[in-house]
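What follows is a short report on a single structure.
The values are calculated or read from the model by the stated rules, or taken from the named source; none is laboratory data. Because the structure is predicted, anything quoted here is derived from the model rather than measured. Note: ideal-geometry Cβ built from the backbone for every residue, glycine included; neighbour counts use all protein chains shown.
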Amino acid sequence: MLRSLVNFLLDKIVPSVGYLLINGVGRSIRFRVVNGEFINQINAKKKNVIFAFWHNRLIMMPHFYCAFVKRHAITVMVSRSRDGQIITDIAEKFGFKMVRGSSSRGGKTALREMVRSLKSGWDGGYTPDGPRGPRYSIGQGLVTIAQLTGYPIIPVSYEVTRRIVVNSWDKLIIPMPFSRGVLIFGDPVVITPDANENVKAEKILELKSGLLRLIEDGSKELGIPCEDLSAYRADLLPGGQKPKKNPKKIPCE
């Protein structure tokens, strides 16, 4: 009986409440878009892209896509876990198409399904460090999808002045209502069909650098402290080191 009640809440109540909360909080935040000029261009040319964002900024992306990009045809890959099912149920209420799979479970099948969906005219959404990290890391999956579809990867992130940071592996960011915020886009990363392994490795570092820079630039736009990302940049330079367990907050320069 208890299990049935829990399943009912997770399957029916949580997705509806989650959808309303995400939309409600998103509409209450005074957001402005930074470097979003390309949105009008891709909409005018009816070009499709792959939006890449860190896992800890996943929660508000459905609202932002509908409110600012103003398109309703995006396919997002999520894991087959219970958390992934909740994310799927909420995102589908925004009109998203969800593909279930990850590097540890159903990844190859999900990748093929993702590529088919994008080639049929959908945008893509991808968290390169999901679903289990390491935080701020990028694997081969996103690069493979971009290479097979020919779609450019658009880095995107957001920052808010008031937030809750969950003590999870990714340090999930939950924006608070009535904050100030920025939705910030980075330069496209293009991976050609003939790119070899060395080129793809370079593109992974380019994308990681771009996504990390968006965190810093977004913090500067709002005048708030930004996370010390130096450890996560270690592999962008010779002689890398492991990320710090508790990176400090530092003022933006």
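Odds and ends about this structure:
- Exclusive hit being in contact (Cβ under 8 Å) with a residue 24 or more places away in the chain and small (Gly, Ala, Ser), set 44, 73: 73
- Only listed residue being without any contact (Cβ under 8 Å) to a residue 60 or more places away in the chain and not in a loop (DSSP other than H, G, I, E, B), chosen from 184, 164: 164
- All conditions in (1) of a type in the set (D, E, K, R); (2) surrounded by 17 or more Cβ atoms within 10 Å (Cβ to Cβ); (3) under 24 Å from residue 160 (Cα atoms) hold for residue 100, with the sole exception of (3).
- Residue among 132, 112 that alone is out of contact with any Ser or Thr (no Cβ under 8 Å at 6 or more places or on another chain) and under 21 Å from residue 85 (Cα atoms): 112
- For region 137-157, the tally of residues that are of a type outside the set (Val, Ile, Thr) and closer than 13 Å to residue 210 by Cα stands at 3.
- When residues in region 163-184 are screened for being buried (at least 21 other Cβ atoms within 10 Å of the Cβ) and in contact with a Gly (Cβ under 6 Å, 6 or more places away or on another chain), 2 of them pass.
- Selection status of residue 194, charged (D, E, K, R) and assigned to a loop (DSSP other than H, G, I, E, B): yes
- In region 41-50 there is no residue that is of a type in the set (S, T, N, Q), at pLDDT 80 or above, touching a strand residue (DSSP E or B) at 6+ places or on another chain (Cβ under 6 Å) and within 24 Å of residue 136 (Cβ to Cβ).
- Criterion: surrounded by fewer than 21 Cβ atoms within 10 Å (Cβ to Cβ), farther than 19 Å from residue 133 by Cα and modelled with pLDDT under 95 - qualifying residue of 187, 217: 187
- Taking the numbered list (1) farther than 30 Å from residue 24 by Cβ; (2) assigned to a strand (DSSP E or B); (3) of a type outside the set (Asp, Glu) in turn, residue 134 passes all entries but (2).
- Residue check: residue 87 meets all listed conditions (1) touching a residue at least 60 places away in the same chain (Cβ under 8 Å); (2) under 14 Å from the mean Cα position of the chain (by Cα) but one, namely (1).
- Within region 147-168, considering residues that are of a type in the set (A, V, I, L, M, F, W, C) and under 15 Å from the mean Cα position of the chain (by Cα), the one farthest from residue 36 (Cα to Cα): 153
- The criterion of at least 1 residues that are farther than 19 Å from residue 149 by Cα and hydrophobic (A, V, I, L, M, F, W, C) is met, among helices (runs of 4 or more DSSP H) falling completely within region 55-129, by 61-64, 82-93.
- Scope region 230-251; condition buried (at least 17 other Cβ atoms within 10 Å of the Cβ) and either farther than 29 Å from residue 151 by Cβ or at pLDDT 95 or above (or both); matching residues: 243
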